[in-house]
Structures are given as structure tokens and as C-alpha cells.
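Only one structure is covered here, and it is reproduced in the block below.
The values are calculated or read from the model by the stated rules, or taken from the named source; none is laboratory data. Remember, it's a predicted structure, so these values are computed and weren't measured experimentally. Here the Cβ positions follow ideal geometry from the backbone for every residue, glycine too, while neighbour counts run over all protein chains shown. For the accessible areas, the whole protein counts, side chains as well, though only heavy atoms, and no ligand, DNA or RNA atoms are used. Shrake-Rupley method; radii C 1.70, N 1.55, O 1.52, S 1.80 Å.
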Amino acid sequence: MRSLSIVIPALNEAENLPTVMETVPYRALAEAGWEIEVIVVDNASTDGTAEVARSLGARVVSQPLRGYGNAYQAGFDAAQGDVIATGDADCTYPFDALPHLLHIMDARRVEFMTTNRLGVENRHAMKPSHTVANHALSALSRALFRNGLRDSQSGMWIFQRHVWAAIDVRSPGMAFSQEIKNAATRAGFRCLEVPIEYRVRGGQVKLNALPDGVANLRQLFEHKIRDNRFRTTPSRMVPLAEMARANVAAERAAEAAERAVAAVEQLNEKATSVFGRELPSEAMPAAATTVKPMADLLDDEITETFELDETESSDPEAARSSERFGGTTLAALPGQRNVDEAPLEMA
């Protein structure tokens, strides 16, 4: 069973948390084979947010240093899942869509999935001035980082754990959202942007439009300068994504070896209890064939590939049907000739 950590930053969201937690589809995710933990990061709230979160079954992580990015840094460091999903605690993001989004992520072999809230169907959920600002920031981000993302400010992402371990994201505030997307695409991970439903916010708005907008502009240019310098170093000849995949492969192989050793030890213990002695070494291959779970684990670990460049070979019609969400075709990043192809791998 795979594990999923849902990380939700919260600043004085005690009023909204019951509604947010109700939208987490525990049963559907469990039926799909996911073990779930919900982490609410209490960002120095004064309204009892932490107590409400605990009462609703969430694991609470305290981050006394306020800031959207600071909250996520603490939440990601505490997360234990193989995959991490995010969303705000203000009722705007569709946590109930997670089973479908995770299915798309698996089907397209995506490592970092971000979401687009700026479709016309969501215009009622955002102020016109905020919509214009989001489009402007997203356009500038696309121009600087050439990743084709339509919504650089969306706060809902789903990504594999090794992505977070391989990227350098520094923003303490709202600019964290655009920085993690730009860092993931520039590092060479397989990325995809999908449209989602965006809902009307509950409770008090905490966005400081002008200061946050200026901070986002500054961060974009600072990140671009840092990225250009980094990409000229010799170490950048090997994409970060490739190194991260190699590390994951090595970790999984080591875990498989440990499980194999443990299985053999258990087999020897049973042999000792039955025959009064351990099985001779020449008998081990035959005896080991009875330990099917161990063989399956080894096969799963060894046959999984982590190549940087790979393409889909699935049926086009099946691909089209799996890429529909709410009647809208998924957005593709530059470099994909059509939606039947695998997500773009950006080095």
C-alpha cells in the first residue's frame, strides 16, 4: 500500500477546517490503495486552529514563524508519505478530487502535478483584480522559466517525495507557490498541469494583494538569476531529476535486500523449529521459492525504471478517456505534440 500525506497550512482557519476535512475522501483513497495522513500546519494561529484540527483527526505540526512558505517547509519536512498533496485551509481547493488526480498522475507517470484555477468556469470564485494579477504573474513566470504553466500561483500540487528532496525552494511567503513549480520544472522532473474546480473562499481573506504581488515579482527575478548561475556549473550537466530517481532506485533496492534477508532468516527459524536445524545452503534456492511475497517484492523493485526520457505506448483512445476531467481536456506543457504523449520531461 502506498502512502499519501495531505499537507494543509492554516492561519486562523478554525472556522473552515471542519468543512475542509469533510472533503478529504478517506474511503475512496483507501479503496484505491492509499494509506493517508492529513497534516495541518498551525502557522501561529490565535483562534484554536490546532485544537480543532486535532479533534478532526489531523496530525498538527506547529510553525510559529508565520508565512505561507514557512508553513509548507515545516509540513513537508514532517510528511511521511511517498506522495505529498497540498491545498489551503480556506475551502477553495477540491480535496475530494484527489482520487481522480492521483489516477491521472499514475497513468501519465508524473512526478510533479500542479493545478490551474484560472479557467472561465471558476471566475465567480475569485475577484476580477485577483484574476488579472494571477494571469499577469503567470505570464511573466512563463516568459522567464519557459515551462508553459498557465497558473503559477495555484496552491494545489501533488508530487512524489523525492521531488521535494531534490529542489531548492526558499520563499518564506506566498511566492513559495510559484517557486516550487519553477524549481520542479527546471530540475527536469516529469510535470503536468491540470484544470481544477476552484471554490469560493470561506472566512476572512488573508491575502495582502499589493505586498504579496511585489514580493512575488522580486522572487521571480531572484530565482531566475539564481537558476542561470546554477545551470552553468559542471554539476548541472546531470539533471537533478535523474540523480533523484537514481537515489530512489538505490533506496528501494536496499529495502528489497533487507526484506529478502529478513525473509530468509524467518525461513531458517521455521526450519529450525521443524527440523531442529537450519536448512543447508544448497537447499535454500528451492526453499526460497516458497516465499512468494519476497520474490514479488524483489521483482517489483528491480524491474522499475527511472529513465529520464521515456514515452507512453498506451492505446490513444484509452489515453484520451483518462485525460478528461470535468469535461475539460488536460493542459499539456510545451513539447507535447498532443495529449496522447507522455508529460514533458524538462531538463
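Per-structure values
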| quantity | calculated |
| --- | --- |
| Checklist (1) surrounded by 19 or more Cβ atoms within 10 Å (Cβ to Cβ); (2) over 11 Å from the mean Cα position of the chain (by Cα) applied to LEU101, failing item | (2) |
| Breaking point among (1) in contact with a Gly (Cβ under 8 Å, 6 or more places away or on another chain); (2) under 15 Å from ILE6 (Cα atoms), for ASP96 | (1) |
| First in the range 118-136 and in contact (Cβ under 8 Å) with a residue 40 or more places away in the chain, second anywhere and surrounded by 12 or more Cβ atoms within 10 Å (Cβ to Cβ) and small (Gly, Ala, Ser), Cβ under 6 Å, 6 or more apart | ALA133/GLY213 |
| Checking ASP106 against (1) surrounded by 15 or more Cβ atoms within 10 Å (Cβ to Cβ); (2) within 17 Å of the chain's Cα centre (by Cα), the condition it does not meet | (1) |
| Residue list for the range 137-155, restricted to those being touching a residue at least 24 places away in the same chain (Cβ under 8 Å) and among the charged types (D, E, K, R) | ARG146, ARG150, ASP151 |
| When residues of the range 158-196 are limited to those that are of a type in the set (S, T, N, Q) and outside any helix (DSSP H, G or I), the one surrounded by the fewest Cβ atoms within 10 Å (Cβ to Cβ) | GLN160 |
| Contacts under 7 angstrom Cβ, first residue in the range 17-28 being farther than 17 Å from ARG59 by Cβ, partner open to solvent by 10 Å² or more (accessible area, probe 1.4 Å) and acidic (Asp, Glu), 6 or more apart | THR23/ASP96; PRO25/ASP96 |
| Residues satisfying the stated conditions in the range 94-137, i.e. of a type in the set (A, V, I, L, M), assigned to a helix (DSSP H, G or I) and modelled with pLDDT under 95 | VAL120, ALA125, VAL132, ALA133 |
| Test for ALA139: is it among the aliphatic types (A, V, I, L, M) and either under 30 Å from ALA249 (Cα atoms) or crowded, with 23+ Cβ neighbours inside 10 Å (or both) | no |
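So that you can scan it fast, the table gives a plain yes or no per residue for (1) hydroxyl-bearing (Ser, Thr, Tyr); (2) at pLDDT 95 or above; (3) out of contact with any Gly (no Cβ under 8 Å at 6 or more places or on another chain):
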| position | (1), (2), (3) |
| --- | --- |
| ILE8 | no, yes, no |
| THR19 | yes, yes, no |
| GLY33 | no, yes, yes |
| GLU37 | no, yes, no |
| THR46 | yes, yes, yes |
| VAL60 | no, yes, yes |
| ARG66 | no, yes, yes |
| ALA74 | no, yes, yes |
